Amino acid sequence: MNKHDTRTWQTIDAQHHLHPFTNTRELNERGVRVIESAKGVYLRDSEGNRILDGMSGLWCVAVGHGRNEIADAVAKQLRDLTFYNTFFNTTHPPVVELSRRLAEVTPAQFNRFFFTGSGSESNDTIFRLARYYWELEGKPEKQIYIGRHNGYHGSTVAAASIGGFGSMHRQGGMPIPGIVHAPQPFWWGEGGEMDPLDFGRHVARETLKLIDQIGAHKVAAMFAEPIQGAGGVIIPPATYWPELSAGLKERDVLLVSDEVICGFGRTGEWFGCELMGSQPDFLTMAKGITSGYVPMGAVAVSDRIAAALLEKGDEFAHGYTYSGHPAACAAALATLDILQGEKLVERVRDDIGPYLQSRWRALNDHPLVGDANMVGLIGSLQLTPDKAARASFPGEANIGLIARDFSFQNGLVMRAVGQRMVIAPPLTLSHAEADELISTVVKVLDLTHAHARRQGLVN
């Protein structure tokens, strides 16, 4: 690849590249940031700046950047078998071995896996598979899916429809029919005067009431993230998941645990559903399955569903060219080797997780922070002009984007979701790097608070 200076890269990008989730016109006017290399938890841009990757790329680079073990495994696999499909009565060793390894780390009810290229494709697969399951069970009327307001499940038409982002629904005629959205367990923003634990039970019961109003005999499944990631790292009250999962089971509504962000150690357990105590029928997997080194997704199919497919089903007329791509499987196997060999899941649970959590929660003392919370290595802080009132800044203040820009300018990737700042650093983060992360966040909060005072937004 040619070596260009920053301005040349920006010019070429503006001429030819349409970015995801971006107003490309505005981006082209200010110039895109160019990331050229990465190692460990740090990125380096085309200006030579070192930046701590507080978002693991896009929630995905769990084992850190520049791991030769993964690159070498992929290169070897490409030399041995570049590609072969898993259609037409064929398989290959990497996909067989990965299936076995996933059965070892997923909850006990999962022993079969369908491979995709992304989390979006995985959720589209479940969209079709759950309805097919109910047809096989003699209940074809179970067609409706429950999502959540502010939930995120991907960008394909079905996945974006199940998700609860209004900005996505306003484009492309979404949501498609057969999808209903339940409330989210966001106590800080929507809990009013309720105690958080009471609010958790309340939201779960409102969701179950919605299903009863529809008629549980018509509802196929509910899609939900253990922790809403792209929606702002909404960590539900401890009462929410036990109440909800028990109610879904009573109503014979399947549960899809979208583990694209929460899976593979992010929460300090292998999967977020294990932390929350739910027992899903499907797991949606992507991102951390290969640590983002090669695109891949997967669906874990519970024994209950698999039994119906094997005993009653015919051809499941669905699949992707790259289902179980050999190189992606090699990357996933190498990632599992690292996660297990370095005990990174246990490290998040017992060491770096508690260390960073204690320092993160101390940010609650900052005058601009209404709520700072973290589970495992996924956290959020709510910006507010008035803690006691749990107030929000005016939307036009763009306070989250202001804080995000201060963060990047000071060497930390921290994402803004409305007026919430979120982080999900690599699981390999050291204590010293965690200290650097926190000190930068404090600086960002101070700069943002000073900006808000100048604008008359806070006293």
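The sum of -39500 (n - 2.57) across all DSSP H runs of n ≥ 4, divided by the residue count of the chain, sets its helix-only mean residue ellipticity at 222 nm to -12500 deg cm²/dmol. Each of TYR84, TYR132 has some number of other Cβ atoms within 10 Å of its Cβ, and from fewest to most they run TYR84, TYR132. Annotation: extensible slack from PHE83 through LEU457 equals 129.0 nm (criterion: 0.36 nm per residue apart, minus Cα-Cα distance). With both residues required to sit in the chain, DSSP beta bridges show an antiparallel share near 70%.
In summary, the lysines within cross-link reach of LYS387, defined as a Cα separation below 22 angstrom excluding same-chain residues under 8 places away, comprise LYS443. Every Cα-Cα pair of the range 100-219 was included, and the share exceeding 18 Å stands at 63 percent. 3J(HN,Hα) couplings calculated from phi for the range 184-194 with the Karplus curve 6.51 cos²θ - 1.76 cosθ + 1.60 (θ = phi - 60°) are, in sequence order, 9, x, 9, 4, 4, x, 10, x, x, 8, 6 Hz; Gly and Pro show x. Residues whose amide H comes within less than 5 Å of that of VAL417, counting only those at least five positions distant or on another chain, are VAL422 (H built at 1.01 Å from N in the peptide plane). In summary, the chain shows an alpha-carbon radius of gyration equal to 0.98 times the 2.2 N^0.38 Å reference for compact globular proteins.
As a rough footprinting exposure proxy, the listed residues VAL301, VAL458, VAL180 were ranked by other beta carbons within 10 Å of their own, and the order from fewest upward is VAL180, VAL458, VAL301.
Partners of LYS3 within straight-line reach, counting aspartates and glutamates whose Cα lies under 19 Å from its Cα and excluding those fewer than 8 residues away in the same chain: ASP13, GLU36, ASP45, GLU47. Here, the range 69-341 is characterised by an Rg to Rh ratio of 0.97, where Rg is the alpha-carbon radius of gyration and Rh the Kirkwood radius. Near ASP371, the amide H atoms lying under 5 Å from its own belong to GLN382; only residues 5 or more places off or on other chains count, and H is placed 1.01 Å from N. Using θ = phi - 60° in the Karplus curve 6.51 cos²θ - 1.76 cosθ + 1.60, the 3J(HN,Hα) couplings for the range 88-97 round to 6, 6, 10, 8, 8, x, x, 6, 5, 5 Hz; x is entered for Gly and Pro. Under 5 Å between amide hydrogens, built in the peptide plane, is the criterion, and for ALA221 it picks out ILE146, LEU254 among residues at least 5 positions away or on other chains. In a reduced charge model with +1 at each Lys and Arg Cβ and -1 at each Asp and Glu Cβ, the range 96-237 shows a dipole moment near 340 debye about its Cα centre. Couplings 3J(HN,Hα) for the range 442-459, derived from phi with the Karplus relation 6.51 cos²θ - 1.76 cosθ + 1.60 (θ = phi - 60°), are 4, 4, 4, 4, 5, 5, 5, 5, 4, 4, 4, 5, 4, 7, x, 8, 9, 7 Hz, where x marks Gly and Pro.
A convex hull fitted to the Cα coordinates of the range 354-393 yields 55 cubic angstrom per residue. Arranged from fewest to most other beta-carbon atoms within 10 Å of their beta carbon, ASP5, ASP351 become ASP5, ASP351.
Given R₀ = 60 Å, what would the calculated FRET efficiency be for ALA308 paired with SER439, taking r from the Cβ atoms and rounding to 0.05? Intermediate values should be presented prior to the final figure.
Numbers: r = 54 Å, r/R0 = 0.90.
After rounding, the FRET efficiency stands at 0.65.
Cross-link partners for LYS142 among the aspartates and glutamates, with Cα-Cα distance under 14 Å and sequence neighbours closer than 8 places in the same chain left out: ASP212, ASP252.
Taken together, the values in this text are just the output of simple stated rules run on the coordinates, not laboratory data. Every value quoted in this text rests on a predicted model; they were computed, and no experiment measured them. No Cβ is skipped: glycine too gets one built from the backbone with ideal geometry, and neighbour counts run over all protein chains shown.
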